[in-house]
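The values are calculated or read from the model by the stated rules, or taken from the named source; none is laboratory data. Note that the coordinates shown come from a computational prediction; the quantities given were computed from them, not determined experimentally. Note that we place each Cβ from the backbone using ideal geometry, even for glycine, and neighbour counts take in every protein chain shown. Heavy atoms of the whole protein, side chains included, go into the accessibility calculation; ligands, DNA and RNA do not. Shrake-Rupley method; radii C 1.70, N 1.55, O 1.52, S 1.80 Å.
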Amino acid sequence: MKRFLIAAVLLVAGGANAQETITDNNYDQGFRLGFGINAGGVTNDAFNFAFGGDVRLQYDLSQDTSLTLTTGFTNLFAKENEFKDLGFIPVKAGFKAFINSSPFYVMGETGAGFAVTNGYDETTFIWSPGVGYANDFIDLSVRYEDVDSYYDSGIIALRLAYGFKL
């Protein structure tokens, strides 16, 4: 619950800051769509690594701030035969802030993970801070994704994505 409150405060604080810049008449607000692949390590000893793909819809509030909605599929590959691979569909909303109008950004997302493979059926809370670099077409980021509660796992992942304006 404490993690949820921290994520909510960060999103609200970032949103409050974004309200000041929405009135920037020199920037064409709009949507972007990105398709990415993710790979990384898992903090739970039952799993070797994580791999997945995602689709991210981004709405640019200003040149430096955006709201995001991300979904896709992530698979955690089990280490031993006593455990099964865990596949889940994350659904996350987030806030992205570019640093000093540069291509470098910080981002926070929060949402839910819906388990869909190998008999896993729990839905879990997800929160995910990250940092990255994005230009007109490429988005490269590193994030920590906490797959809380039932699965008690964290993922440290690298994301490479192709994006474009809609």
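For the stretch 107-123, filtered to residues that are small (Gly, Ala, Ser) and surrounded by fewer than 20 Cβ atoms within 10 Å (Cβ to Cβ), the residue that is farthest from residue 159 (Cα to Cα) is 119. Here 126, 156 are screened, and the one residue that is open to solvent by 40 Å² or more (accessible area, probe 1.4 Å), in contact (Cβ under 8 Å) with a residue 12 or more places away in the chain and either closer than 19 Å to residue 56 by Cβ or assigned to a strand (DSSP E or B) (or both) is 156.
Sort out which residues of the stretch 71-106 are open to solvent by less than 20 Å² (accessible area, probe 1.4 Å) and over 19 Å from residue 42 (Cβ atoms), and write them in order of number. Correct list: 94, 96, 105.
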